[in-house]
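Read through the structure below, which is laid out as structure tokens, and then see the notes.
The values are calculated or read from the model by the stated rules, or taken from the named source; none is laboratory data. Computed from a prediction, not measured in an experiment: that's the story for all the values here. Counting neighbours? That spans all protein chains shown, and the Cβs are built from the backbone with ideal geometry, glycine included.
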Amino acid sequence: KIIVENPMPFHPYPLHFWLDSERTLATISTMASLLSLSSATPTRTTAVLHHPSSPFKGNVSNLKANTCPFPSLKFHHYKCKIATPLVVRNQASSSPSISAADTISNVRFRLDNLGPQAGSRKKAKRKGRGIAAGQGGSCGFGMRGQKSRSGPGVRRGFEGGQMPLYRRIPKLRGIAGGMHAGKPKFVPVNLKDIEAAGFQEGEEVSLESLKKKGLINPSGRERTLPLKILGHGEVSVKLKFKARAFSTSAKEKLESAGCSLTVLPGRKKWVKPSVAKNIARAEEYFAKKRAAAAESTSAAA
């Protein structure tokens with residue numbers, strides 16, 4: 001960029017020039033001659049200056065080296081960054097034997113060279129457009145029949161009306177049919193794991209204390225399941241156990257070790273109000289029967 005300072009008082013504004021291969025020094029000489037010939041104050045109309053063709057092709061450094069024939073014009077050189085187009089380097093690494101200079105290619109992304117990757121767009125077959133095309137007569141559906149007509153066709157597994165294969169073979173019941181193990185009902189913990197956790201004598205062993213020790217970490221649907229103590233292993237100290245269920249072996253080992261066992265009540269099962277009323281009446285009836293039997297035995301004694 002070049003700014004030309006004009007010493008004439010009637011034109012106080014500086015003149016700006018951008019130099020490239022098309023705008024040359026002849027433009028500056030033309031404007032200088034026009035300014036020197038003007039004697040009267042010009043009007044506010046903007047003069048249109050034409051750019052004559054010239055074989056000169058240079059830059060600002062060349063202009064500074066050449067002597068200017070107009071001493072009244074002062075040139076000021078400002079450093080400006082020239083915008084360059086985006087250049088993307090595509091480096092292919094197909095084989096290590098090829099040198100890097102051969103594999104690097106400069107490609108400018110423009111609207112006229114953007115397109116899909118080769119082979120990514122597959123042209124669809126045009127059916128029913130003449131016999132010579134290969135898919136013109138029956139379009140690949142055969143001559144006649146139900147499967148050559150329009151519509152959804154036959155359902156999956158249909159064999160024309162005869163007994164299909166999935167009904168000819170016998171059914172698999174039980175374990176052979178894929179019987180699953182069922183959902184878990186408890187969070188099981190063995191006695192050997194409780195012994196390894198380091199409980200002190202007299203401490204309480206419950207679902208919360210086992211979580212604090214890091215012995216169990218139930219997640220998902222197991223978060224709402226109760227605790228069950230299993231009997232694999234031994235316990236050397238007296239502890240207080242609170243669980244929903246105890247296995248038979250675990251109960252025997254803990255009672256022999258002097259531990260206290262507390263069976264926690266389970267979640268009450270929901271029943272219809274009418275069924276709950278009948279259950280309450282039955283429990284009341286059998287309670288009276290047991291009380292009468294106890295009185296009769298005590299009187300006989």
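Report yes if residue 258 is at positive phi, at pLDDT below 90 and exposed (fewer than 15 other Cβ atoms within 10 Å of the Cβ), otherwise no.
Working: at positive phi: yes; at pLDDT below 90: no; exposed (fewer than 15 other Cβ atoms within 10 Å of the Cβ): yes.
Criteria not met by residue 258.
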Requested in this report: Filter region 217-231 down to the residues that are loosely packed, with under 13 Cβ neighbours inside 10 Å, part of a helix (DSSP H, G or I) and not β-branched (Val, Ile, Thr), then identify the one that is nearest to the chain's Cα centre (by Cα).
Outcome: 220
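Table: residues versus (1) outside any loop (DSSP other than H, G, I, E, B); (2) hydrophobic (A, V, I, L, M, F, W, C); (3) over 18 Å from residue 247 (Cβ atoms); (4) assigned by TED's automatic domain parsing to the domain that holds residue 258.
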{"residue": "170", "(1), (2), (3), (4)": "no, no, yes, no"}
{"residue": "173", "(1), (2), (3), (4)": "no, no, yes, no"}
{"residue": "193", "(1), (2), (3), (4)": "yes, no, no, yes"}
{"residue": "199", "(1), (2), (3), (4)": "no, yes, yes, yes"}
{"residue": "211", "(1), (2), (3), (4)": "yes, no, yes, yes"}
{"residue": "215", "(1), (2), (3), (4)": "no, yes, no, yes"}
{"residue": "233", "(1), (2), (3), (4)": "no, no, no, yes"}
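Can you say whether residue 162 is more than 30 Å from residue 239 (Cβ to Cβ) and modelled with pLDDT under 90, as far as the supplied structure shows? Reasoning before the result, please.
Numbers: more than 30 Å from residue 239 (Cβ to Cβ): yes; modelled with pLDDT under 90: no.
Judged against the criteria, residue 162 is not a match.
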Requested in this report: Scan region 213-229 residue by residue and report those that are within 14 Å of residue 185 (Cα to Cα) and touching a Leu at 6+ places or on another chain (Cβ under 8 Å).
Outcome: 218, 226, 227, 229
Report task. Restrict the check to region 179-196 and report whether at least one residue is at pLDDT 90 or above and either exposed (fewer than 10 other Cβ atoms within 10 Å of the Cβ) or acidic (Asp, Glu) (or both). Result -> yes
Report summary line: residue 253: passes all of (1) touching a Gly at 6+ places or on another chain (Cβ under 8 Å); (2) closer than 18 Å to residue 207 by Cβ; (3) not acidic (Asp, Glu) but (2)
Query raised in the report: When you look at residue 239, is it closer than 19 Å to residue 251 by Cα, surrounded by 15 or more Cβ atoms within 10 Å (Cβ to Cβ) and touching a Cys at 6+ places or on another chain (Cβ under 6 Å), yes or no?
Result: yes
**Report entry** So residue 253, is it modelled with pLDDT of 90 or more and in a helix (DSSP H, G or I)
**Finding:** yes
Requested in this report: Would you point out which residue out of 283, 252 is surrounded by 11 or more Cβ atoms within 10 Å (Cβ to Cβ), more than 22 Å from residue 208 (Cβ to Cβ) and more than 50 Å from the chain's Cα centre (by Cα)?
Outcome: 252
